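Asks: Just passing along the structure, written as structure tokens.
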Amino acid sequence: MSNARVTAPPFKMSFLLPQYWPVWIGVGVLYSISWLPYRLQIFIGRGISFLLKIFGKKRVAVAKRNLELCFPEKTEEQRAEILAKNIEYAGMAVLESSMGWWWPDWRVKRHGQIEGYEHVQAILDKGKGVFGLAIHNMNLELGCRIAGLKNPSVAFYRKHNNALMEYMQYHGRARSNKYMIHKRNAKGLVKALNQKEVCFYLPDQDYGRHFSEFVPFFAVEEVASTKGTILFSKNSNSEMVFIVSLRTKDGYKVKFVPGLNNFPSGDDKQDITRINQKIEELVSIAPEQYLWMHKRFKTRPHEDDPSLYD
């Protein structure tokens, strides 16, 4: 196996020890729920969102603050409406992960559809890799599974701290995709792109001050935004597409959108600004489905700048 890949974790007999029993119970519950009718799972997801309001108050507060920062032009009532729907989608996201990991292919195909794949195919027909920039909508786990059934893909990967959850997570995400690359293995992703793979990369997280440009994101003027998009585009034989995974009244849709022209241009700040503007456009399709519970604005331009979350 190429050293660019994360090695698939094997099953260990130690997973049967008492220390892992709580994980087994949680996994067993989620696996059992995944076999229930989809409409019943939506009902259960609403129940999880109710519990999230009680036991996940810190995350809800982060989402509320992010919406205040990003949409100051909206009224408090409008932001509250987005937040309420966002919590509902967050509750369902727990079950959507189990759908992505354990649903059989026929069920994924029944509830999932793909739009805009011709943009991916056009790049592959040129003999190039596809640099897919995905945004953090909360149903992304299931979205990656849907996309993988059309064209098995490669993605950056962060290992889980719990060994049993790592086993479940890796094999769940590998159900319809090729392999994973450790999130710090930049050379591995460049190699996959040069091998004409379809690769997923998520540029809309706070990766810290190192190798970032501080550019606008919605109404926040200076946001730590990764320059990884420039690195991978510049050093690989690939072209870019954007990817957004959406929950609709008919199920789930993975939408591929054309990438940016003249990228990179040589002006890093302008290039990353253009990336963020495109992410904003995709978030705005369904803002209630975006991962607002992540501290996107944790890293400030200067170390002594006050936190936006205090």
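The values are calculated or read from the model by the stated rules, or taken from the named source; none is laboratory data. What you see is a predicted model, and the numbers here were worked out from it, not measured in a lab. Reconstructed Cβ throughout: ideal geometry from the backbone, glycine too, with neighbour counts over all protein chains shown.
Asks: If you go through the range 113-145 one residue at a time, how many are under 12 Å from K253 (Cα atoms), surrounded by 23 or more Cβ atoms within 10 Å (Cβ to Cβ) and over 13 Å from the mean Cα position of the chain (by Cα)?
Replies: Number satisfying all stated conditions: 0.
Asks: Residue check: is G91 outside any helix (DSSP H, G or I) and modelled with pLDDT of 95 or more? Walk me through it before giving the result.
Replies: Details: outside any helix (DSSP H, G or I): no; modelled with pLDDT of 95 or more: yes.
Here the answer is no, as G91 does not meet what is asked.
Asks: Additional query: Within the range 86-112, can you find the residues that are under 21 Å from R296 (Cα atoms) and either exposed (fewer than 15 other Cβ atoms within 10 Å of the Cβ) or aromatic (F, W, Y) (or both)? Talk me through it step by step, then tell me what you get.
Replies: If we filter the range 86-112 for residues that are under 21 Å from R296 (Cα atoms), which is where we start, we get 86-91, 93-94.
Scanning the range 86-112 gives a single hit, Y89.
Asks: Could you tell me which of the residues T273, T299 is outside any helix (DSSP H, G or I) and farther than 25 Å from T248 by Cα? Steps first, answer last, please.
Replies: Details: T273 fails: outside any helix (DSSP H, G or I).
Just one listed residue meets the conditions, T299.
Asks: Just a yes or no: is a residue in the range 250-262 under 18 Å from K234 (Cα atoms) and either surrounded by fewer than 14 Cβ atoms within 10 Å (Cβ to Cβ) or aromatic (F, W, Y) (or both)? Before the answer, list the steps.
Replies: Of the residues in the range 250-262, the ones under 18 Å from K234 (Cα atoms) are 258-262.
Next, from what is left, pick out any that are either surrounded by fewer than 14 Cβ atoms within 10 Å (Cβ to Cβ) or aromatic (F, W, Y) (or both): 261-262.
Yes, the range 250-262 contains at least one residue that is under 18 Å from K234 (Cα atoms) and either surrounded by fewer than 14 Cβ atoms within 10 Å (Cβ to Cβ) or aromatic (F, W, Y) (or both).
Asks: Oh, and also: Quickly run through the range 179-224 and pick out the residues that are within 30 Å of T7 (Cβ to Cβ) and in contact with a Cys (Cβ under 7 Å, 6 or more places away or on another chain). Full working, then the answer.
Replies: At the first step, the residues of the range 179-224 found to be within 30 Å of T7 (Cβ to Cβ) are 179-208, 210-212.
Listed by number, the residues that qualify are L189, A192, L193, F200.
Asks: Let me ask you something else. Out of the range 1-26, which residues are among the aliphatic types (A, V, I, L, M) and within 28 Å of R184 (Cα to Cα)?
Replies: If we filter the range 1-26 for residues that are among the aliphatic types (A, V, I, L, M), which is where we start, we get 1, 4, 6, 8, 13, 16-17, 23, 25.
Across the range 1-26, the qualifying residues are M1, A4, V6, A8, V23.
Asks: Okay, moving on. State all residues of the range 1-48 that are closer than 30 Å to W106 by Cα, part of a helix (DSSP H, G or I) and small (G, A, S); if no residue qualifies, say none.
Replies: G26, G28, S32, S34, G45, G47
Asks: Can you tell me which residue in the range 198-241 is surrounded by the most Cβ atoms within 10 Å (Cβ to Cβ), limited to those that are farther than 20 Å from L282 by Cα and of a type in the set (S, T, N, Q)?
Replies: Of everything passing the filter in the range 198-241, S238 is surrounded by the most Cβ atoms within 10 Å (Cβ to Cβ).
Asks: Which of the residues that make up the range 49-78 are among the hydroxyl-bearing types (S, T, Y) and not in a helix (DSSP H, G or I)?
Replies: So the first thing to find is which residues in the range 49-78 are among the hydroxyl-bearing types (S, T, Y), and the list is 49, 75.
Within the range 49-78, just T75 meets the criteria.
Asks: Answer yes if at least one residue in the range 125-136 is at positive phi, assigned to a loop (DSSP other than H, G, I, E, B) and not polar (S, T, N, Q), and no otherwise. Before the answer, list the steps.
Replies: Filtering the range 125-136 down to residues at positive phi leaves 127.
Add one more test, that the residue is assigned to a loop (DSSP other than H, G, I, E, B), and what stays is 127.
Imposing the further condition that a residue be not polar (S, T, N, Q) reduces the set to 127.
There is at least one residue in the range 125-136 that is at positive phi, assigned to a loop (DSSP other than H, G, I, E, B) and not polar (S, T, N, Q).
Asks: To continue, here is another question. When the range 197-235 is examined, which residues are found to be closer than 19 Å to Y157 by Cα and of a type in the set (K, R)?
Replies: Across the range 197-235, the qualifying residue is only K227.
Asks: Here is a check on your reading of the model: is K74 more than 22 Å from L142 (Cα to Cα), surrounded by 12 or more Cβ atoms within 10 Å (Cβ to Cβ) and under 22 Å from the mean Cα position of the chain (by Cα)?
Replies: On the way: more than 22 Å from L142 (Cα to Cα): yes; surrounded by 12 or more Cβ atoms within 10 Å (Cβ to Cβ): yes; under 22 Å from the mean Cα position of the chain (by Cα): no.
So K74 fails the test.
Each row is one residue, and each column tells you yes or no for (1) touching a residue at least 24 places away in the same chain (Cβ under 8 Å); (2) more than 30 Å from P301 (Cβ to Cβ); (3) in contact with a Phe, Trp or Tyr (Cβ under 6 Å, 6 or more places away or on another chain).
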position	(1), (2), (3)
I114	yes, yes, no
V120	yes, yes, yes
K126	yes, yes, no
H136	yes, no, no
A163	yes, yes, no
Y167	yes, yes, no
N177	yes, yes, no
A186	yes, no, no
S212	yes, no, no
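Asks: Of a type outside the set (A, V, I, L, M) and more than 20 Å from E288 (Cβ to Cβ) - does that describe any residue in the range 76-91?
Replies: The answer is no; no qualifying residue exists.
Asks: Tell me which residues, restricted to the range 82-111, are over 17 Å from I44 (Cβ atoms), in contact (Cβ under 8 Å) with a residue 60 or more places away in the chain and more than 17 Å from the chain's Cα centre (by Cα). Outline the logic, then answer.
Replies: First pass over the range 82-111, keeping only residues over 17 Å from I44 (Cβ atoms): 82-86, 104-106, 108-110.
From what's left, in contact (Cβ under 8 Å) with a residue 60 or more places away in the chain: 82-83, 85-86, 105, 108, 110.
Result: I82, L83, K85, D105, V108, R110.
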